[in-house]
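J.: Quick one: the structure is below, and I'll ask about it shortly.
The values are calculated or read from the model by the stated rules, or taken from the named source; none is laboratory data. This one's a predicted model, so the numbers in the text were calculated from it and none came from an experiment. Cβ coordinates were reconstructed from backbone atoms using ideal geometry, including for glycine residues, and neighbour counts include every protein chain displayed. These accessible areas exclude ligands, DNA and RNA; they are computed on the full protein's heavy atoms, side chains included. Shrake-Rupley method; radii C 1.70, N 1.55, O 1.52, S 1.80 Å.
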Amino acid sequence: MKTILKLERAEARLMIAAAIEKAEALGVPETVCIVDEGGFPIALERMDNARITGPQIAWNKAWTAAGHKRSTHLFTRSPNGPALPGNEAYGIQLSFEGRFAAFVGGFPIVVDDQVIGGVGLSGGNGEQDIACGLAALAALAAALAPSGKTVLVEADIKK
């Protein structure tokens, strides 16, 4: 039997607020989605003037990061990204009815070494999506620190 941690709505909202605060500072309209360990949305918010395609893209990124337990941009990072042409997972982005996101903007949420969900962002360039994702993870880390729980806050996560 294993004890697991569950991400709840309060933490998801905290993460979204931090990501949006960072997006506002950067001047980029983002959509942010927080999913549970199964990839199902807990919270999703699209900023004013963000693209209408953002919610689905942000969800896909969060879903991929949670399900595959890695930052989505690692799939296509040169030279050994597994989804690059000629590498072992080339074409993986076509799986799951095209839902698999193999580009920047999705991060697993890792608490005490367990992947408990994912955060996905859509709306900025890669650098901006990463900055907003890190802001979301840092907010969760700060909120959980008093309880002694640790949150992995880095761009390149692979569990």
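J.: Work out how far the C-alpha atoms of the chain reach from end to end along every principal axis, then list the three figures in whole Å, largest first.
T.: That gives 46, 46, 26 Å along the principal axes, largest extent first.
J.: Follow-up. Which whole-number percent is the relative contact order of region 107-147 (Cα, under 8 Å, 6+ apart)?
T.: 27
J.: Can you work out the Karplus-derived ³J(HN,Hα) for every residue in region 138-143? Use 6.51 cos²θ - 1.76 cosθ + 1.60 with θ = phi - 60°, whole Hz, and x for glycine or proline.
T.: Values per residue, Gly and Pro as x: 5, 5, 5, 4, 5, 5 Hz.
J.: What is the packing order of peptides 59-68, 119-128, taking the mean over residues of other C-beta atoms within 10 Å and listing the highest first?
T.: Result, highest mean Cβ count within 10 Å first: 59-68, 119-128.
J.: Label 7 Å along Cα→Cβ of Asp48; region 13-35 residues with amide nitrogen under 15 Å?
T.: Output list for this probe position: 21, 24-25, 27-30.
J.: Below 8 Å, C-alpha to C-alpha, sequence gap of six or more: please give me the relative contact order for region 44-159 in percent. Before the final figure, lay out the partial values.
T.: Details: 215 pairs, mean separation 32.5, N = 116.
Contact order relative to length: 28 percent.
J.: Let me ask you something else. Straight-line reach from Lys61: which lysines fall under 19 Å, measuring Cα to Cα and dropping same-chain residues less than 8 apart?
T.: Lys22, Lys69, Lys158, Lys159
J.: Further question on the same structure: Can you send over the carbon and sulfur percentage of the accessible area for the chain, probe radius 1.4 Å, protein chains only?
T.: Of the solvent-accessible surface of the chain, carbon and sulfur hold 53 percent.
J.: Just add up the charged neighbours of Ala139: K/R +1, D/E -1, any other residue whose Cβ is under 12 Å from the Cβ of Ala139.
T.: Neighbourhood net charge equals 0.
J.: Another one. Under 5 Å between amide H atoms, partner at least 5 residues away or on a different chain: which partners does Leu7 have, H built in plane at 1.01 Å?
T.: Glu37
J.: Can you tell me the order of 12-18, 94-100 when each peptide is scored by its average per-residue count of other Cβ atoms within 10 angstrom, highest first?
T.: Final packing ranking: 12-18, 94-100.
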